[in-house]
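Input: a single structure, listed below in structure tokens.
Read-outs: derived from the displayed coordinates by stated rules, not from any lab. Note that the structure is a prediction, hence the values are computed from the model and not measured. Positions of Cβ are backbone-derived with ideal geometry, glycine not excepted, and every protein chain shown enters the neighbour counts.
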Amino acid sequence: MNFLKKFLGSSPTDEVISIPSGKLFLTRSPQSPKGELECLYNDAFASIRQTTSAFYYRLVITRVYQEGELAAHGDSGFGDSDDEDEFNDHDTPHSISDSNIGLGHSKDEYVFEISEDLKIHCYDKEDGTKAISWKDLDGDLGDRFEFIVDEITKQTDIDSFMLALYKCQYERKYHKSSLEITTTNELKEFVYDPKTELLSFNDLNKDIHDFEYEEDEYEYEDETKATEPPKVGAEAGASEVESDGDDEFHDAEGSIGGTNTSIVGTVVYEFKTNLELYLFSPDTGTFIIKGKKNEVCIKILDSGDWNYYLVVDSIDENGRPLKFDCPFTKDMNPTFNFTYNSFVFNHFVQSKGQSIVFSWLLKFEEESQLSEFQVNFSTQLWQAFNKTIYNPPTKDTTDSEMDYVMDTLSNFRIDDETGLDEEDEKNLDDMSDDDGLDDGAFLEAEKIIRNGKQNLFVPEDDEDDEYGDYENDRKLSEFKQSDKNSNLSVGYSNDRSYVVRGNKLGVFKNDDDEVSYQTTIANMTNLKGKDFIPKSTMLHMQDQYMIMQNPEFDDKKLFKMDLERGKIVEEWDVHDQQAITSFGPNTKFSQLTAEQTLTGVSKNGMFRIDPRLPTSKLVNDNTFKLYKTKYNDFSSMATTQHGHIAVGSKKGDIRLYDRLGINAKSALPSLGEPIIGLDVSADGRWLLATCETYLLLIDTKIGDNQRNAGELGFLKSFDKDKKPKPRRLTIKPEHVAYMSLETGGKPLSFTKAHFNTGLDSKETSIVTSSGPYVISWSLKKVLQPPKKSKNTSGSSSVVPEDQSYLIKKYSQNVIADNFKFGSNADVILALQDDVEMTNKKVFSRPSKIIFGSTKNSIVKEF
């Protein structure tokens, strides 16, 4: 029973509580062409209504007509000058508008689904009136609705209304009654404080002079005004790009200034010839020029202890000196784009304890200039990540390792070869590409899928629990009561998915277009009855068993769970000295068979694991090899359908083996970031490595003009001077800027990426996630070289080119994701508090709306 039932009659949509009188406004950015404040309803009342789904409620603002007003104006009902635009759909913002879930607005009513996403709070306005404010999820950055409470309303009534709003959010999040909660103090996590919100670009514009500066960030070198932030944008006068509607972003640049201290170190590279500086504007979706030719100088600075900085020294569009130091970190997300002769990177700035990301573009006049900078930048970046000196090649050696690094950072040049032979090109042309839907088709597909979904975790009418599967609902409720989802395993044999949540394992059935809850395996313990929380899981022997590990529990043991019995039935002591860092099937599809053995990896060795052995389960024969190098630090592995093995390390390098017990056939250099996950295509042609801020797609086929041409790197070695050309998949720096605004300044952090896989299917898609965003790449689009783009030299802005990834945003962080076995479109997701299946057809091309709006989310929280 929900807490609000005590207020209600029998109607499923009865009013819970209301404020009888007030006005509804929409507040916008001061730079909005539609004005800062718009009155939507001059006389209205606010109410909370229950929906037909348990634990879900709506905030409804209803227009009130004066006596005779409706009759005088007919159906239009607009008697106030504030409403003379008659709510033109093209001009008026709206709430979460989807007819399928009954939300939206009309001339008489605005409806909002109550959730934490609305960021509701109550505050006192300057004139002494009370206002309840919440985020416009469909609007632009900074847009919010405000319900101005009539002065005759008692404070106790307002407090009761706010308490009810917080209780609604509590019930939605935890799917449990809040009947026993009586004070706001018990609901502090739902009391939104705008002061803790990440500063948006509009926020930064409000009062530049009150902004607190951090050291070692942006430096304006006017000694006479060194302690004052510069006047920029509107304060400094009109600029050449103000017509782009980007005034607030100009102000943001000035607002991230610092003191006039700077990084001290040795200059290892300097360039200042015909260089332009651009800053990405989220509002216009373009790079806006901030430093013109002959006014921009860049330096690479070595400050010692493997710390390097990119120093940019420029004159801004208002004639003021602008200088900033950007450290070489993995969050920098550096990208060389030879289409535009440009270098794009992110700079994270700390201010008032919050993180803001700015995406900068340096545009070179000549390709040779960019190439020169690339060599110098990549060398210092490699040294920063690997903490060792890079030794340049001599006449007897090659530069293959540095070529590998630079190729990884670069986008393809227009004249690049794809690296594919004629047969590969034909296969690429034949490859299915289901990402080519237009925006209308995306929305329509999502509606179709949403209509077909059921409520997984809450009965449609909780009054009817006694007539449903009470036991099933009880088990699900127990599964959801504590902890968060932490791990996902997608079945190969039985169309099931398994989600770890603390010491519980949720079992879900993979249907045609959804997952449905089946049961919970609760209170997992080892054979001695001690609680066991798995960190790594692998389905085994036709999905009858699950092999699990928790290194914190015991890093030399594996645990075997019988999924039919719902309990751990065996503990395997693998070896008394070899701690297991990763384990997996012997071949990509051996989980479909009754094969009992599996492959294991330690920090410095590889071995077979056989549970039938009497004591130690490590097979101590010629398949067991410890490598002489002491610090390999192996961390992840993957196998092909033929049993070839790829192993990644925390140092960032990757080794390819054709079998256990031998030295690697091929070794791929480290870029400095740990490999946190590996996947490989069934035939071994494509290797997919996950690092925290990017993916690496590597073609293991040895290219022409090598002694082992045509072979795979698992079977033969590459020539020393001809490493495979990696493809670096990541989110464009400017898109990271969008994402950072929505995630509180958090940098990219990818989950393990996967190819789609199946016995009779080719790998055509890749999926991963970062925070609340799920990202998918089309393999076909990644492998094709980019089309020629018009050079934007001389333009006041640079428009980013299309990318090969699609994206979808959820209201929760995604913990793990993988394709349904045998499908290249259906993706199963484990969110923090939910499990669901989605289809790639509802993913969209990157856009401001996709990054910042949750209106299309079909998440069911539990």
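Restricting to DSSP loop positions (anything but H, G, I, E, B) with no more than 11 other Cβ atoms inside 10 Å of their own Cβ, which chymotrypsin sites (Phe, Trp or Tyr not before Pro) remain in the stretch 603-678?
When the chymotrypsin sites (Phe, Trp or Tyr not before Pro) of the stretch 603-678 are filtered for loop state and at most 11 Cβ neighbours within 10 Å, 631 remain.
What is the list of residues in the stretch 129-173 whose amide nitrogen lies under 15 Å from a point 7 angstrom out from the Cα of residue 119, following Cα to Cβ?
So the set is 133-146.
At 7 Å along the Cα-to-beta-carbon direction for both residue 848 and residue 21, put a label point, then send me their distance in nm to one decimal.
Taking the two extended label points, one gets 3.9 nm.
May I ask for the distance between the Cα centers of the stretch 810-827 and the stretch 306-324, given as a whole number of Å?
42
Return the distance in nm (one decimal) between the two label points of a simple spin-label model at residue 667 and residue 293, each offset 7 Å from Cα along Cα→Cβ.
4.7
Restricting the calculation to Cα positions, tell me the Rg (one decimal) and the Dmax (whole number) of the stretch 579-678 in Å.
So, for the stretch 579-678, Rg and Dmax equal 13.1, 42 Å respectively.
Counting only other residues whose beta carbon sits under 13 Å from that of residue 600, what net charge do I get with K and R as +1, D and E as -1?
+3
First measure r as the distance between the Cβ atoms of residue 160 and residue 39, then evaluate 1/(1 + (r/R0)^6) with R0 = 25 Å and state the FRET efficiency to the nearest 0.05.
0.45
By how many nm would the segment from residue 305 to residue 390 grow when fully extended, if each residue of separation counts as 0.36 nm and the alpha-carbon distance is taken off?
Here the answer is 29.1 nm.
Can you check what the net charge comes to around residue 129, using other residues whose Cβ is under 12 Å from the Cβ of residue 129 (Lys, Arg +1; Asp, Glu -1)?
For residues surrounding residue 129, the net value is -3.
If each residue of separation counts as 0.36 nm, what is the full-extension length gain between residue 642 and residue 65 once their alpha-carbon separation is subtracted?
Gain in length upon complete extension: 200.3 nm.
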